[in-house]
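J.: This is the structure, below, for whatever I ask next.
The values are calculated or read from the model by the stated rules, or taken from the named source; none is laboratory data. All of these numbers come straight from a predicted model, not from anything done at the bench. Don't worry about glycine lacking a Cβ; one is built from the backbone with ideal geometry, like all the others, and counts go over all protein chains shown.
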Amino acid sequence: MRVWRGRGKGPELERLAALAGEASADAAVAMESVRPPEDGKPAPPDLTAAAFFDVDNTMMMGASIFHFARGLAARKYFTASDLAGFAWQQVKFRVGGKEGNVSSIREQGLSFVAGYSVEEMTRVGEEIYDELMADKIWSGTRDLARMHLDAGQRVWLVTATPVELAAIISRRLGLTGALGTVAEHIDGVYTGRLVGDLLHGRAKAHAVRALAAREGLNLRRCTAYSDSSNDIPMLSVCGTAVAVNPDNGLREVSRARGWEIRDFRTGRKAAKIGVPSVLGAGALAGAVAAGLAYRRR
């Protein structure tokens, strides 16, 4: 992939974000599930309204990609020190604002899965969810999702996490489906390349718009939830935006725009998940991907 610089950089990044959004919407439609009614009496469907939930620090405590990486490390796919070293590089970049190998991280994407089958990663993802993620779901956010489902609306997760892992989280929570980063695969085996870019920032907004077009949704009747200022583009495309466990930037914007704020954190929990909020989901995914790609070389 060519690294674009200067005046061409912005348009190329926007093109990749749009491509990532379209690919994610296609994957979400293909994997969409129907939630069985809990009381045997399905709510009348509300076909033009839906809800979109960010995952990291919104639906789940911490970063789903790091929980996944911890599980892979425990299974000897790579070492914990590999993950820690490259995660720290990302912390220094995000906090210090210094340029580095950001372009190469984007290009490497989720290349650590190259050569592994989709079936294997999905099976491992199911195991890791049970081991490390199931008990980290915010009950308050899950209740918000159920509120939409009970009203007959569909509910999708929107995350930089690989779409297969996002789909696992969605199924376990009884949601409709998930928009996530799409890693290219041929004949059921990952190539190590991304389709477009990480589903992060503006790419999430593109994905929501693309899915709305495919599903016949009226975005003015839809609701978006997130903790991060990185997701302001996604929050802005829906008629209703709700900040959940917001970082400082999103809290400020929410107050200025009159968006509702929900905070399910208290004391120690809020401090514990602060670093992933600073990094952002895209940086976390890039840290994992870069570390694994480097180690393979």
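J.: The conditions are (1) modelled with pLDDT under 95; (2) in a strand (DSSP E or B); (3) crowded, with 24+ Cβ neighbours inside 10 Å, and PHE112 fails exactly one of them. Which is it?
T.: Of everything listed in (1) modelled with pLDDT under 95; (2) in a strand (DSSP E or B); (3) crowded, with 24+ Cβ neighbours inside 10 Å, PHE112 misses just condition (2).
J.: Please tell me if ARG202 is among the charged types (D, E, K, R), under 21 Å from THR223 (Cα atoms) and either within 12 Å of the chain's Cα centre (by Cα) or modelled with pLDDT under 95 (or both).
T.: It is true that ARG202 is among the charged types (D, E, K, R), under 21 Å from THR223 (Cα atoms) and either within 12 Å of the chain's Cα centre (by Cα) or modelled with pLDDT under 95 (or both).
J.: Would a scan of segment 246-267 turn up a residue that is assigned to a helix (DSSP H, G or I), among the hydrophobic types (A, V, I, L, M, F, W, C), surrounded by 13 or more Cβ atoms within 10 Å (Cβ to Cβ) and modelled with pLDDT of 95 or more? So that I can check it myself, show each step before the final result.
T.: Initial filter on segment 246-267 (assigned to a helix (DSSP H, G or I)): 248-257.
Cutting the leftovers down to among the hydrophobic types (A, V, I, L, M, F, W, C) gives us 250, 253, 256.
Then keep just the ones that are surrounded by 13 or more Cβ atoms within 10 Å (Cβ to Cβ); that gives 250, 253.
If we keep only those that are modelled with pLDDT of 95 or more as well, we get 250, 253.
Yes, because at least one residue in segment 246-267 is assigned to a helix (DSSP H, G or I), among the hydrophobic types (A, V, I, L, M, F, W, C), surrounded by 13 or more Cβ atoms within 10 Å (Cβ to Cβ) and modelled with pLDDT of 95 or more.
J.: For segment 224-243: of the residues being more than 20 Å from LEU211 (Cβ to Cβ) and either more than 14 Å from the chain's Cα centre (by Cα) or free of Cβ contacts under 8 Å to residues at least 60 places away in the same chain (or both), which is surrounded by the fewest Cβ atoms within 10 Å (Cβ to Cβ)?
T.: SER229
J.: Quick check, is ALA212 aliphatic (A, V, I, L, M), surrounded by fewer than 23 Cβ atoms within 10 Å (Cβ to Cβ) and modelled with pLDDT of 95 or more?
T.: Yes.
J.: Any residue at all in segment 17-24 that's at pLDDT below 65 and surrounded by 15 or more Cβ atoms within 10 Å (Cβ to Cβ)?
T.: Step one: of segment 17-24, the residues at pLDDT below 65 are none.
Scanning segment 17-24, I find no residue that is at pLDDT below 65 and surrounded by 15 or more Cβ atoms within 10 Å (Cβ to Cβ), so the answer is no.
J.: Consider THR161 carefully, then state whether it is among the β-branched types (Val, Ile, Thr), buried (at least 23 other Cβ atoms within 10 Å of the Cβ) and closer than 15 Å to THR58 by Cα.
T.: On the way: among the β-branched types (Val, Ile, Thr): yes; buried (at least 23 other Cβ atoms within 10 Å of the Cβ): yes; closer than 15 Å to THR58 by Cα: yes.
Spelling it out, THR161 is indeed among the β-branched types (Val, Ile, Thr), buried (at least 23 other Cβ atoms within 10 Å of the Cβ) and closer than 15 Å to THR58 by Cα.
J.: Criterion first (in contact with a Ser or Thr (Cβ under 8 Å, 6 or more places away or on another chain), farther than 18 Å from LEU19 by Cβ and not in a helix (DSSP H, G or I)) does LEU198 satisfy it? Before the answer, list the steps.
T.: Values: in contact with a Ser or Thr (Cβ under 8 Å, 6 or more places away or on another chain): yes; farther than 18 Å from LEU19 by Cβ: no; not in a helix (DSSP H, G or I): yes.
No.
J.: (1) crowded, with 22+ Cβ neighbours inside 10 Å; (2) more than 17 Å from LEU19 (Cα to Cα): which one isn't true of ARG221, the others all being true?
T.: It fails just one condition, (1).
J.: Considering only strands (runs of 3 or more DSSP E) fully contained in segment 152-191, which possess at least 1 residues that are in contact (Cβ under 8 Å) with a residue 40 or more places away in the chain and closer than 18 Å to ARG142 by Cβ? Break it down into steps so the answer makes sense when it comes.
T.: Details: elements: 154-162, 177-181, 183-186.
Per the criteria, 154-162, 177-181.
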